[in-house]
Structure formats: structure tokens, C-alpha cells
Amino acid sequence: MPSIVIVGAQWGDEGKGKVVDLLAENASVVARFQGGNNAGHTIVRGDEVFKFHLIPSGILYPGTTCVIGNGVVVDPTVLTAEIDGLRDRGVDVSNLRVSANAHLIMPYHLMLDHAHEAKLGKLEIGTTKRGIGPCYADKASRLGIRVQDLLDEKILKQKIMAAMEPKRLMLRPFERDPALDLHAMTEQYMLHGNRLERHIADTASLLHRALDDEELVIFEGAQAALLDIDHGTYPFVTSSNPVAGAACVGSGVGPRDITEVWGVAKAYATRVGAGPFPTELDDELGEDIRQRGGEFGTTTGRPRRTGWLDIIALRYAARINGMTALAITKLDVLGGHDTIRVCTGYQTSDGAELDTFPYHQTVLHHAKPIYTDLPGWHEDITGCRTVDELPENALGYLRFIEEHAGVPISLVGVGPARDQIVWLGERSPLLAA
Ligand code: IMP
């Protein structure tokens, strides 16, 4: 059985959760490897809607072990609330495992995230304000608190003291906040430790066993290629590496353990937060896509910026991830237009034309999209389940994406429900009949 990494191919919110959910049923393990509760996905199961921020959606399958890997940053308040919420709805969470090496989001990380953004003013990044950046910064500074530290009060207190010391000045506006009191914080986090202890594990070894036994392992990415701290539109990015390579680092497996990389992209593009977005539609059409696609953040509720599909950015994402397949979601949202536009080049401020993603921030900021127009379709495709049922122009659009992104499309989403998908080519052997 292969192992598959599922990654976002644009700016996030592509519907990775739905793809993971489809594969998770037959998976032995679903593992997250980066990000934190800045992510969010919605899974529709019959009449029930589940919203996840930290726990992999595989938790809905009793036989699937869900791993929160070492590369994830964990807010224990959010994690324990998510566990409670699932338990209240009758979901068994005994198969959840949290890496002892994962870093913890502390109350001061949330405060610093707010403070940094406020300080940037108009230049703000538009973070989710969940403390993600400051937590990864502490990890890199060797001042992080890890999940395993929750099991030793003395060490926990010492580490919190050491971590807060260099932040004193920045934290001054919050000094009266009771959440910053060292004793209260230590006590609160020890309580979290108590609650989480049964889930804390050596998750790398667990993954090694599953891979050695040739079981299906899914690595669930959060955010997306263009939000990658190294390869995205820096500084308007998240603080981790959402690209497929990070599945190894963030979970403790090697590159040879990965067999497939599936990129998930919407049939159009969206972005939350600030930063360049060449195909943005700042008009009625953009608003129409936002409303029809329900483009409002799962985590923050913010309206998402919307635009046409950017093939240059998608081809770049395919390359840096080493994608073996693409899943295209929300194709139904794009129906009802006479013409569908796809960005197949950029014009730079000095008039040059590019067909690759520019490495220089300034070039990208001023890049104007060059569009190829394709015929749209007016049929309702939400009931389509096979390729033959798709309107010719919808299929033509998909073939255009395959050709220009250089990656075959494995499946297409035509609605939010689990069964609203069309397999292109071979139906995945990973799924039961
Ligand atoms: P942070 O990850 O909270 O630090 O936010 C940094 C940037 O990443 C901001 O532009 C956020 O809007 C964006 N971001 C973080 N997580 C997600 C996500 O799950 N979907 C879409 N954008 C995200």
C-alpha cells in the first residue's frame, strides 16, 4: 500500500479535508505534519457537519489512527475542546496520538501574534491570530515548550520562565492579563497535560510500523504551497512549510516512504489575508464566486478574496511538491459563465511576459495576468458522477488544467457532499468499491 501526501496547491482552503476524508476510510493512519489551528476544514457526513482545526478528519473512522505530528504546533485549549466536542457527538477519539515533540502554543504566543499584527498596521499579514508564527519562532529560537513538557511540572515552569524572559518588553501591554501569570499558566497547562496524557506518543515510531507493515498512510497537509514560508509569497505566508517535503520532517519519516503526492486545487482561486494575488477579481463576478462557493473562512469567518485559476502558480506548486496527481474541487461553483478565464502568463511592470512564477516579490506584486479564455458551461453538474456526464466544456476545462499544470487530474469535486465527486481516469485503487 502506498503512502500519500495531500497538499494544498494554491493559497489554502482548497478542500483538502474532503479528499483526505475520501481516502481516510481505508487508511491505517492519517497524520498531520505542520501548521496548527490556523487550519480548518469542514466535513459533511450525511446530515452532520463536522469542523476540524487540529484533529485529522480521519478520526470519524473507528479503525483509523490519527496522528498530530512533531511538525504541528498545538494549542492544547483548542485540542482538548475539539476532543470534547467530538466525544459529545459520540465520536471515539481513543485512536488520536499526539507527538511528544510537537510544540505548544502558549497564551503569550496569541498575544504576540495580535501585537505584531497591530504594530504592522497597514502592512499587516492578516494572520489568523492563533499564535502560529510566534510559536514557530520560539521553536527555532530553542525556547519552545513541547507536548512532553506537560508531563513534568518543574521543567514546564522553568521553560515557560525562560521563554517569557526575552519577550518582556513586547508583553508589557498584557502584563495584567491573568493568563500570563506563571503559576496560573503552569497549572492550566499541567491540567491540559493530564487530559492529553493518554494521547501523547512516539508518533514517528507508530508511522514507521504502519509503513513497514505496508498499510495505507495519509499525510494531511494544512495551508498550501503559496503560503509556504520558503516557497510562498513571503512575507505574506504562514510560518511553516505546507509543501509535501515537510511531510517527512514534520512526522519523522524519510522521502522514500512517500509514494504519491496529491495536490488539491479549486477550479478557481481564493486567498485569505494580505499578499499578492494576480488573478483577483475585485468586482461583482468575484463577489458572485464568493457567495456561490461559500468563500468565508472556517477558522476566522473572514470573506476570502476570489479570482480566476492561475495556471502559472499551479504549475509552480506542482513542481515544488512533486505532485503525482491533482484533485480539482468546487467545479460546480464555476458553472453559469459563457467564458472561463485562466491565467496562463504574467505581464511584468516593464512589459515583459513571464510563463513561470517570479522569484522576486516586487515582480509578482506588479504582475498583471495574461488570460486564455475557454468556453464555459451552464448545466448543473452537481449530479454528475462519471466523466461522461460532465458537459463537454467542463471536461475541456479540466483537460486544459492537466495539460498546462503538467499533472493528471485524479478526481473532481462537484458539490460539498462526500459522494459529489467524479473520478477521472482510473478510479483510485485505494478506495473500496
Ligand atoms: P498564520 O498562519 O495565522 O500566521 O497566517 C499567515 C497567513 O496564512 C495569513 O494570510 C492567513 O490568512 C494564511 N492562512 C493560515 N492558515 C490558513 C488556512 O488554513 N487557509 C487559508 N489561509 C491560511
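Worth a mention:
- Scanning the range 168-178 for residues that are open to solvent by 40 Å² or more (accessible area, probe 1.4 Å) and in a helix (DSSP H, G or I) yields R168, L169, M170, R172, P173, F174, P178.
- With respect to the conditions (1) surrounded by 19 or more Cβ atoms within 10 Å (Cβ to Cβ); (2) aliphatic (A, V, I, L, M); (3) within 16 Å of the ligand (Cβ to nearest atom), V78 lacks only one, and its number is (1).
- Residue list for the range 304-314, restricted to those being within 14 Å of the ligand (Cβ to nearest atom) and either part of a helix (DSSP H, G or I) or among the polar types (S, T, N, Q) (or both): T306
- Within the range 286-303, the set of residues being without any contact (Cβ under 8 Å) to a residue 24 or more places away in the chain and either assigned to a helix (DSSP H, G or I) or more than 16 Å from the ligand (Cβ to nearest atom) (or both) comprises G286, E287, D288, R290, Q291.
- Output for the range 386-402, where each listed residue is among the charged types (D, E, K, R) and surrounded by 14 or more Cβ atoms within 10 Å (Cβ to Cβ): E389, E402
- When H192, H231 are checked against the criterion of being assigned by the TED database to the domain that holds K139 and either within 14 Å of the ligand (Cβ to nearest atom) or closer than 20 Å to G69 by Cβ (or both), a single residue qualifies: H192.
Conditions (1) under 20 Å from G193 (Cβ atoms); (2) within 24 Å of the chain's Cα centre (by Cα), marked per residue:
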{"residue": "E82", "(1), (2)": "yes, yes"}
{"residue": "S99", "(1), (2)": "yes, yes"}
{"residue": "I105", "(1), (2)": "yes, yes"}
{"residue": "D113", "(1), (2)": "no, yes"}
{"residue": "L123", "(1), (2)": "no, yes"}
{"residue": "A140", "(1), (2)": "no, yes"}
{"residue": "V147", "(1), (2)": "yes, yes"}
{"residue": "D152", "(1), (2)": "yes, no"}
{"residue": "I160", "(1), (2)": "yes, no"}
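- For the range 320-335, a residue qualifies if it is in contact with a helix residue (DSSP H, G or I) (Cβ under 6 Å, 6 or more places away or on another chain) and assigned to a strand (DSSP E or B), and exactly one does: A327.
- Checked against (1) under 30 Å from V363 (Cα atoms); (2) away from the ligand (no atom under 16 Å from the Cβ), R271 meets all criteria but (2).
- Of the candidates A115, A137, A163, the single residue that is surrounded by 14 or more Cβ atoms within 10 Å (Cβ to Cβ), small (G, A, S) and in contact with a Leu (Cβ under 7 Å, 6 or more places away or on another chain) is A163.
- No other residue among A244, A317 is within 15 Å of the ligand (Cβ to nearest atom) and either surrounded by 20 or more Cβ atoms within 10 Å (Cβ to Cβ) or part of a helix (DSSP H, G or I) (or both) apart from A317.
- Screening K51, K18 for residues that are within 15 Å of the ligand (Cβ to nearest atom), in the same structural domain as I258 (by the TED database), open to solvent by 10 Å² or more (accessible area, probe 1.4 Å) and in a strand (DSSP E or B) leaves exactly one candidate, K51.
The values are calculated or read from the model by the stated rules, or taken from the named source; none is laboratory data. None of the values given here were measured: they were computed from a predicted structure. Cβ coordinates were reconstructed from backbone atoms using ideal geometry, including for glycine residues, and neighbour counts include every protein chain displayed. These accessible areas exclude ligands, DNA and RNA; they are computed on the full protein's heavy atoms, side chains included. Shrake-Rupley method; radii C 1.70, N 1.55, O 1.52, S 1.80 Å.
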